[in-house]
Amino acid sequence: MTAMLDRSDLCLIAAAALIPRLLLVIFAPAMTGDWTVYQTVAENILNNHCVSLSDPASGACIPHWGGNQLPGLPWFIAAVWSVFPRDWMWVGIAQSLAIVFSTVYLAKNVAPLFPNRRWARAAGLLAALSPLVVPWARFSLPETLALAATQWIVAELVRSYLEGRLRVVPLAIASAIALFLRYDSALLAVPIASTGIVIHGPREALRRGLMLLLMTAVPLGIWWIRSIAVGLEPYPKPYSLQSGGAAPMGYIAWGKTWAVDQYQAPSWVYAVFTQRYSSINIAPDVYRSEAERRRVESLIAELKAGYNLKPFPSHIDDAFAEIAAKRRAAEPLQYWLVLPSRRAAALWFSPRNSAAWPVSLNTVRIEGLPSRSRLVEIALANPVATIVKLTTAAYRVALPLVALALLCRLWRQRRRRLEVWLLANALAYAAVSTIFHAALLMTEPRYVVATMPFLELALLASLARRGARDRNTAAVASP
């Protein structure tokens, strides 16, 4: 009950993965605010042979951990620009090729999970054309490369399960690459560890896990030693400014006492990351009391008046930390349970989010209507954008819900051990990713996009195998 893909299948999957990504890179590139950071680090690597957020033209080379993340993406950009012109398009093309290779590798290695070649080809095409994965190729962010590394790890986990041994070396290499691209790639330790336990049992899994951890730690340890040697702090900060300085954690702590989704961020926190305090605009409904409103408005007025484009002053940051502490003490249930739950929900169901597709709602000419009527008017005026937003939001939230329902149904069926492992692993990865990002106030759905290839594979493989078994049972039972 296994399938194999031939060269024509793999070529079809590669073409399906490559063509839409190239079209998006060429015709709908998206340069984010983070691009300035990645570009600066990459140019320092090329021009000055250093990892720094200093102006590349100055040659100052003040050391940094790597920008917004470790320097995986800047190294990749520098490698591309060392061969091709220094234009974003070439980076977009190169990262599209990287995920094409990982998609083909994934499809080839997961094919034996499926009852026939047709299902295996469908799984490869789903990985190639996933509506939540494809459009990230057009963005100047590490998402596409991180997705490629994640697909590589998923392929190694499936191969490990089928071979009955944890593939320590390739998993360590893929994990190290993933960590240099995004810090939250560390969450992949959950499915890796659980796979080791399922295959080998706790004791042997611990031994192999330690080997994998040590191998993964070698390049990370080298980078840590370098960073300590040049005078950096023992670990990179969870939030950093575009200038490379420390973020105002008191102000951010206050935001964590009320913020719940990505659409609030531009009005309060993006302005701080760029030190453009004049654009801060706090909605009146976030305050607990009139006294808090007056205090916060006074602090922000002082910030705008005297510190625009300057470091966030410590006395104002301390004042926000005090306000945050009072709110946490006054509303512990709200802070520790209600807000994280709402953020988790925003990660998975956000109808306003475009899932990285190049669509947006034109609302300029639609004003003065009651809220429900206004929503209908906006939807009718923007049918394509509305369909994209609603369908991708529904697809995103349906994946884990359907996977969970299927897992509950299969849990007690011992002959479905493979399906249970797939679904449980994919859902565990999705769960820890949700908890982690909700806790850090990272509420854009892009922060859970790395879980999609695993969820899609687990769900499709489980449904295919279940359907094949049901057909076989019916065939045996028929006269």
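Checked against the criterion of being closer than 18 Å to Pro358 by Cβ and open to solvent by 70 Å² or more (accessible area, probe 1.4 Å), the range 32-50 has no qualifying residue. Among the conditions (1) open to solvent by 70 Å² or more (accessible area, probe 1.4 Å); (2) touching a residue at least 60 places away in the same chain (Cβ under 8 Å), the only one that Leu401 does not satisfy is (2). Here Glu322 clears all of (1) under 32 Å from the mean Cα position of the chain (by Cα); (2) at pLDDT below 95; (3) open to solvent by 50 Å² or more (accessible area, probe 1.4 Å) except the condition numbered (2).
Yes/no per residue for (1) within 30 Å of Pro351 (Cα to Cα); (2) in contact with a Cys (Cβ under 9 Å, 6 or more places away or on another chain); (3) surrounded by fewer than 20 Cβ atoms within 10 Å (Cβ to Cβ):
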site: Leu188; (1), (2), (3): yes, no, no
site: Ser194; (1), (2), (3): no, no, yes
site: Arg207; (1), (2), (3): no, no, yes
site: Leu220; (1), (2), (3): no, no, yes
site: Ile225; (1), (2), (3): no, no, yes
site: Pro238; (1), (2), (3): yes, no, yes
site: Asp261; (1), (2), (3): yes, no, yes
site: Arg276; (1), (2), (3): yes, no, yes
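Pairs meeting the criteria (first residue in the range 164-177 and without any contact (Cβ under 8 Å) to a residue 60 or more places away in the chain, second residue among the polar types (S, T, N, Q), beta carbons under 6 Å, at least 6 apart or on different chains) are Leu166/Ser160; Arg167/Ser160; Ala172/Thr216; Ser175/Thr216; Ala176/Thr216. Taken over the range 307-351, the criterion of being of a type in the set (D, E, K, R) and part of a helix (DSSP H, G or I) is satisfied by Asp317, Asp318, Glu322, Lys326, Arg327, Arg328, Arg342, Arg343. Each residue in the range 1-31 was checked for being part of a loop (DSSP other than H, G, I, E, B), open to solvent by 30 Å² or more (accessible area, probe 1.4 Å) and over 16 Å from Ala123 (Cα atoms), and 2 pass. Do we find that Glu156 is over 18 Å from the mean Cα position of the chain (by Cα) and closer than 20 Å to Tyr429 by Cβ in this structure? So Glu156 fits the description; yes. Checking each residue in the range 65-94 for being in a helix (DSSP H, G or I) and open to solvent by less than 30 Å² (accessible area, probe 1.4 Å) picks out Gly72, Leu73, Pro74, Ile77, Ala78, Val80, Trp81, Trp88, Val91, Gly92, Ala94.
The values are calculated or read from the model by the stated rules, or taken from the named source; none is laboratory data. Keep in mind that what you see is a predicted model, and the values were worked out from it rather than measured. Positions of Cβ are backbone-derived with ideal geometry, glycine not excepted, and every protein chain shown enters the neighbour counts. Heads up: the accessible areas ignore ligands, DNA and RNA and are worked out on the full protein's heavy atoms, side chains in. Shrake-Rupley method; radii C 1.70, N 1.55, O 1.52, S 1.80 Å.
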